[in-house]
Amino acid sequence: MSAAPQWDEADLVALQSDLLRFARIQTGNAETAEDLAQETLLAALRHRGQFQGRAQLKTWLFAILKNKINDYLRHKQRHSSVFAETPAEMELDELYEAQFDSSGHWHADGIPVHQRSPEQDLENRQFQDVFQACLYGLPENTARVFMLREIMGWDAPDIQSHCGISAANYYTVMHRAREALRQCLQIKWFNHREPT
């Protein structure tokens with residue numbers, strides 16, 4: 001039997017800012033995010049022997065963090081809505097509206113161009129870095145809703161309840177998040193690549 005891959009505290013510290021950023025978007029609170037990131041790192045140290053190297057250290061840490069965030073969000077008693085439209089969301093609305101003509105059809109330059117399949121790009125580490133930058137560039141509330149659904153795996157009714165938004169608002173936010181990500185990826189990834 002081979003030994004589990006080795007990592008040390010320096011490896012954890014190197015990933016701490018990514019953990020903090022993700023937790024901050026999910027909780028909307030810097031102190032809570034810091035607590036959850038620290039709990040994640042402590043859990044990783046306590047359960048170091050369970051890391052078998054079948055996934056990257058970062059993937060394993062984010063799985064721990066996602067569970068901690070889920071626990072926090074599901075047990076948190078909410079007294080007010082977490083979702084309030086910010087200037088960044090309003091700017092995203094304007095960006096979204098600019099993609100269509102007066103009849104509601106796409107402008108010709110707004111249609112995405114793909115050189116490779118999305119599956120091939122997801123396997124590409126550089127693409128993942130660009131995607132993460134685009135995701136973290138979304139307005140905070142939009143990113144929160146998108147991440148709860150697409151990364152945390154929450155169901156739409158749970159997200160609507162947690163964020164205090166209607167079903168229609170949820171679907172609008174998700175559509176606009178996907179559109180903003182598509183536009184960002186088009187600019188930062190697809191337009192800067194050589195055809196394969």
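The values are calculated or read from the model by the stated rules, or taken from the named source; none is laboratory data. Given the structure is predicted, the values throughout are model-derived calculations rather than measurements. Neighbour counts are summed over all protein chains in view; Cβ atoms, including those assigned to glycine, are modelled from backbone coordinates with ideal geometry.
Could you list all residues from region 33-72 that are on the phi < 0 side of the Ramachandran plot and assigned to a loop (DSSP other than H, G, I, E, B)? Hits for region 33-72 are His47, Phe51, Gln52, Arg54, Ala55, Gln56. Residues that are small (Gly, Ala, Ser), under 23 Å from Asp18 (Cβ atoms) and part of a helix (DSSP H, G or I) within region 131-185 comprise Ala133, Ala143, Ala177, Ala180, listed in sequence order. Of all residues in region 148-187, exactly one satisfies the criterion of being more than 17 Å from the chain's Cα centre (by Cα), closer than 23 Å to Ala133 by Cα and not polar (S, T, N, Q), namely Ile187.
If you filter region 1-32 down to residues that are outside any helix (DSSP H, G or I) and surrounded by fewer than 11 Cβ atoms within 10 Å (Cβ to Cβ), you find that the one that is modelled with the highest pLDDT is Asp8. Residue count for region 49-69 satisfying the condition of being over 23 Å from the mean Cα position of the chain (by Cα) and without any contact (Cβ under 8 Å) to a residue 40 or more places away in the chain: 1.
Residue-by-condition table, conditions (1) at pLDDT 80 or above; (2) among the charged types (D, E, K, R); (3) more than 25 Å from Lys66 (Cα to Cα):
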| site | (1), (2), (3) |
| --- | --- |
| Ser102 | no, no, yes |
| Ala108 | no, no, yes |
| Val113 | no, no, yes |
| Ser117 | no, no, yes |
| Leu122 | no, no, no |
| Pro139 | yes, no, no |
| Ala156 | yes, no, no |
| Ser166 | yes, no, no |
| Met174 | yes, no, no |
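Residues of region 17-50 that are among the polar types (S, T, N, Q) and in contact with a helix residue (DSSP H, G or I) (Cβ under 6 Å, 6 or more places away or on another chain): Gln26, Thr27, Thr40.
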